[in-house]
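Notes to accompany the following structure.
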Amino acid sequence: MFEGKLNLPEKACRAFPDRLGSLAAGFDIKDDRSGKSDSAFESGEELEILKPNGPGSAPESEDDYVEMMEEHFESRVRRNPKKYGSRLVSVKEVIAADDKRSDLEYELSQKEINLEKLQRIADTGLPDGGGLRATAWKLLLGYLPSCRDLWEKELTENRQKYLKLKEELLLSPSEITRIKDEVSNYNDQNADNDVDGPLRRQEISQEDHPLSSGKASVWHQYFQHIEIAEQIDRDLQRTHPDMKFFSGDAAFSRKNREAMRNILLLFAKLNPVIRYVQGMNEVLAPMYYVFSTDPDEQNAENAEADSFSCFVRLLSDSVDHFCQQLDNSSGGILSTLSHLAELLKASDEELWRHLEYTNEIKPQFYAFRWITLLLTQEFNLQPILRIWDTLLSNPFGIQHMLLRVCCAMLLCMKNRLLSGDFVANLQLLQHYPDVNIEHLLQVARDLSPDTSSCSLSP
C-alpha cells in the first residue's frame, strides 16, 4: 500500500520492522496471556497518504519525516483519545529506544566490555527482553568480568560452588549422618573385607544427638534454621501476590519460591550474625525474576545460583543496615537516615524544616523501609527494574544513588507535604503514590553536586 509513496529513513525502518504504526509505550506491547499485539493501527486499517509539503511530496530529511509522523499520529490521537490514552510516545522516543538497544547489544558483544559506557547506557534504562538486562546487571554487580572470554569459566565455577554449598549446608543432620555412615561402612568393609566378627554399634556423639541443646549441636542449629525457613516461607507467600511468577499453586510458581527459599536460607546460614531479615525476599525478587526470564535456557536454568551470588554482592553495599547491633555505627541505618536528612536540607531547606519541625516526621518513620529494601515495597516490579538500572549503574555505589532517589521522592511530593499534617504526610510517605519514574530519576540526578557528600555512605 505504501510502495512508492514514502521514503522511510533507515532509523524509521528499524523502528517499524513489520508495518507502519505501533507507537504504544514500549513499542512492542503484548498481552502476556494471549500474545496478541496491541498496535496503534489495527489490522486492515487504511492509512491516509501524508502530504507535508503539498500533493505527492515526500519528506526531505529524517527530521522532516519524524515531524510529519508525529503531527500525523497526534491528529489520530485527538480523533480517538480512548484508543490511545496514556500509551502514546513520540516517534523520536521510539527511535531513541531502538538506538539504545542497538548500542547495548553492540557493547555486550565486545570482547572487552567498556563498563563506563555500560553504566551510561544502563542509567537511562535497560530495554526489556532479549536477556539484555540480566547480562548487564551481572556485569554491573561484578559477577561477570569485563573480559567476555572469561564469562563461561567464571559462570561454571560460581555455579558449581553454589551447588556444593547447597549440598553442605541445606541437608538435614539425618541426611548428613546417613552419608557419613555410608562412607564409614564402605571404608570398614574395605578394611575388614575378609574378617568375620561381631557387628559394630554406631556411636552417636553429643553434638549429633537430636535432643542435644548445646550450641555446637548440629541438630540445635538445624532446628534454629527450621524457624528461619518457616519465616522465609511465609514471606515468600506474600511476595508480589499479584504475579503468577511468584504466587499460586502452579508448579512453576512453587519452583520459583523453592529456589528463592534456598537462596535466602543459604544466605542466613553463611551470615549467622545477620541471618535472615524480613523483607530480604523483596530485595531478592527483582533479581531472581530478571535472571529466570532470560531467554538463554542455560542462564535461566542457573538463575538460582546466579541470583545467590548477585544477591550477596547487592547486599554487601548495605549489609550493616540489617544488623541491629550496628544501627548506631557509622555504616548503620541510623547514620544513613541522617545522611538523607542532610541531603534534603541541602536541597530544599523549606521542606526539610516542615517535615523535621512542623510535622516532626523523622526519616525513620518512612525511609527505613525505603533504604533497607531498596524501594521494592514502594513501587511495582516494572518500575523497580527501571530504578535498579540506575542504582546499579551508579559509579559511586548503590547507596549513593539510592539516597538521591529517596530525596527526589520527597521533592516530587513537596506541594502535598507542605500542605499536609502529620497523619496525612506519614500516610503519603508510607504509601508512596504512582509517579513518572523517569522524572523522579532525573530529579535525583539533578540534585546539586554540592550536596553529593551528604548522600555518600561512610
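The values are calculated or read from the model by the stated rules, or taken from the named source; none is laboratory data. Since the model is a prediction, treat every value here as computed from it, not as a measurement. Don't worry about glycine lacking a Cβ; one is built from the backbone with ideal geometry, like all the others, and counts go over all protein chains shown. These accessible areas exclude ligands, DNA and RNA; they are computed on the full protein's heavy atoms, side chains included. Shrake-Rupley method; radii C 1.70, N 1.55, O 1.52, S 1.80 Å.
Per-residue Karplus couplings for the stretch 424-437, computed as 6.51 cos²θ - 1.76 cosθ + 1.60 with θ equal to phi - 60°, are listed in order as 5, 6, 5, 5, 4, 6, 8, 10, 4, x, 5, 9, 6, 5 Hz, Gly and Pro entered as x. Normalising the average separation of contacting C-alpha pairs (under 8 angstrom, six or more residues apart) by the number of residues puts the relative contact order of the stretch 333-458 at 38 percent. Any chance you could look up the accessible area of Leu169 with a 1.4 Å probe, heavy atoms only, rounded to 10 Å²? The value for Leu169 is about 50 Å². Remark: spin-label model distance Gln298-Gln382 equals 3.2 nm, labels positioned 7 Å along the Cα→Cβ axis. For the stretch 358-370, the Karplus equation 6.51 cos²θ - 1.76 cosθ + 1.60, evaluated at θ = phi - 60°, returns couplings of 6, 7, 6, 9, 7, x, 4, 6, 9, 7, 4, 6, 3 Hz by residue, with Gly and Pro reported as x. Once both labels are positioned 7 Å from their Cα atoms along Cα-to-Cβ, the gap between Val435 and Asp327 label points is 2.7 nm.
Between Asn415 and Glu360, what's the calculated FRET efficiency when r is the beta-carbon distance and R0 is 22 Å? Round to 0.05. Using R0 = 22 Å, I get an efficiency of 0.65.
Here the gap between Ser146 and Lys111, fully extended at 0.36 nm per residue and compared with their Cα-Cα distance, gives a gain of 11.8 nm.
Go through Arg353, Arg133, Arg445, Arg275 and list them by solvent-accessible area, largest first, probe radius 1.4 Å.
Working: Arg353 115, Arg133 25, Arg445 70, Arg275 95 Å².
Result of the area sort, largest leading: Arg353, Arg275, Arg445, Arg133.
Remark on the stretch 349-455: hydrodynamic radius 14.2 angstrom, per the Kirkwood mean of 1/r across alpha carbon pairs.
Of the solvent-accessible surface of the stretch 333-446, computed with a 1.4 Å probe over protein heavy atoms with every protein chain present, carbon and sulfur atoms account for 51 percent. Between Ala250 and Arg353, the C-beta separation translates, for a Förster distance of 56 Å, into a calculated FRET efficiency of about 0.60.
Leu165 sits among other residues whose Cβ lies under 14 Å from its own Cβ, and their net charge, with Lys and Arg +1 and Asp and Glu -1, is 0.
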